[in-house]
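Okay, structure first, notes after.
Bear in mind that the values in this text are calculations on the coordinates, not laboratory data. Every value quoted in this text rests on a predicted model; they were computed, and no experiment measured them. A quick note on method: Cβ atoms are made from the backbone with ideal geometry, for glycine too, and the neighbour counts reach across all protein chains shown.
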Amino acid sequence: MKIHGLDKLSRELGEFSKAIADLEGDITEVRFDPNDPVSIEQAVKQMEAAIDARIEPYSQNSMVTSLVSEMKERYREAILEKATQARLEVGEE
């Protein structure tokens with residue numbers, strides 16, 4: 001009896017491993033004006049584009065796309081939090 005699908009799973013796991021390696025380290029540096037919502041959104045889009053560029057070879061892999069979706073959301077939240085903190089720091093001065 002032959003089990004089908006293991007080749008596909010093995011390939012997808014290999015791609016997933018490569019994608020994780022490609023996402024390690026600094027992905028991009030974003031700058032934004034914490035008082036300008038458009039600037040903040042542009043920073044988020046820049047970050048997302050940088051991630052997409054890194055994983056482009058694996059963009060059809062569902063495991064990779066799931067990881068990237070979560071990763072983008074975490075980075076988006078981090079950018080929004082930094083903007084909020086910067087506004088609060090200016091307000092305290």
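Can you give the local net charge around I27? Use residues other than it whose beta-carbon is closer than 11 angstrom to its beta-carbon, Lys and Arg +1, Asp and Glu -1.
Residues close to I27 contribute a combined charge of -4.
Hey, got the dipole for the chain? About the Cα centre, +1 on K and R Cβ, -1 on D and E Cβ, debye to the nearest 20?
580 debye
Would you mind checking the tilt of helix 6-22 against the longest principal axis of the Cα atoms of the chain, expressed as 0 to 90 degrees and rounded to 10?
30 degrees
Starting from the 7 Å offset along Cα-to-Cβ, what nm value, one decimal, do you get for the label separation of T65 and D26?
Between T65 and D26, the simple spin-label model gives 3.1 nm.
When Lys and Arg each count +1 and Asp and Glu each count -1, what net charge do the other residues less than 15 Å away from Q46, Cβ to Cβ, add up to?
Taking every Cβ under 15 Å from that of Q46, the sum is -1.
Calculated FRET efficiency, K82 and E41, Cβ-Cβ r, R0 22 Å, to nearest 0.05?
0.95
Among [x] 1.02; [y] 1.28; [z] 1.45, find the value of Cα Rg over 2.2 N^0.38 Å that was calculated from the structure presented, and write down its label.
Working out Cα Rg over 2.2 N^0.38 Å from the coordinates points to [z].
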